[in-house]
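Working notes, structure below.
Every number here is computed from the coordinates shown, using simple stated rules; none is lab data. Everything quoted here is computed from the prediction, not taken from an experiment.
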Amino acid sequence: MAKYISENEGTILKDCKSFLELGAATGALSLWLTSMKFDSFVGTTTDYDDGDDNEIGENIINNFKMNDIESINHIRHSWGEPLEELSLECYDIIFASDILIYVSQYGNLVKSIVSLFERGSKQFVMSFNRPNCKEEALKFFNMMNQEKFITQQPSKGLWIFTRQSENGPDL
């Protein structure tokens, strides 16, 4: 995903001022995006609520510190739950890497993506390259199609989703 973004920065990041990373885990993608300072992006990472320990959020903060990069906002968010704690009302672009391993959560993931688009997000960019999970992943793509998302695959293992309004052009 990073290679595609860097090679297509002018297209994929055009007019984007903010991003949200779903299922950030270590925050590696957000760390890279922030370090590249693509037009002074404002970023937020999310991952499931891991309780009082907040190990995921602390891990992301530590990864930023170890790389001498100012940390970004992290939100504990379980897919499908309301997105009330977001630091911005709208994120221009949503990123996710390798999140389709949680088949039982596809419905909740789609619910969160739909909610973000209803708030004004324009693109969802996702990488996924697990050949042994392709059949299960089709369920996710079908759910996205049912929600009127348009899917493009510009390179192997990378998908870009936009949403079409009932009147025609992208929302």
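If the cut-off is a Cα-Cα distance under 20 Å, which lysines reach LYS156, setting aside same-chain residues fewer than 8 apart in sequence? Partners found: LYS3, LYS134, LYS139.
What the phi angles of the range 97-114 give under the Karplus curve with 6.51, -1.76 and 1.60, with θ = phi - 60°, is a coupling list of 10, 6, 9, 7, 7, 9, 3, 5, 9, 3, x, 5, 4, 4, 4, 5, 5, 4 Hz, glycine and proline written as x.
Using the Cα gyration tensor of the range 50-171, with a ≥ b ≥ c the square roots of its eigenvalues, what is the shape: rounded (a/c below 1.5), prolate (a/b larger than b/c) or oblate (neither)? In terms of gyration-tensor shape, prolate. Across the range 2-163, the mean sequence separation of Cα contacts (distance under 8 Å, 6 or more residues apart), normalised by length, yields a relative contact order of 20 percent.
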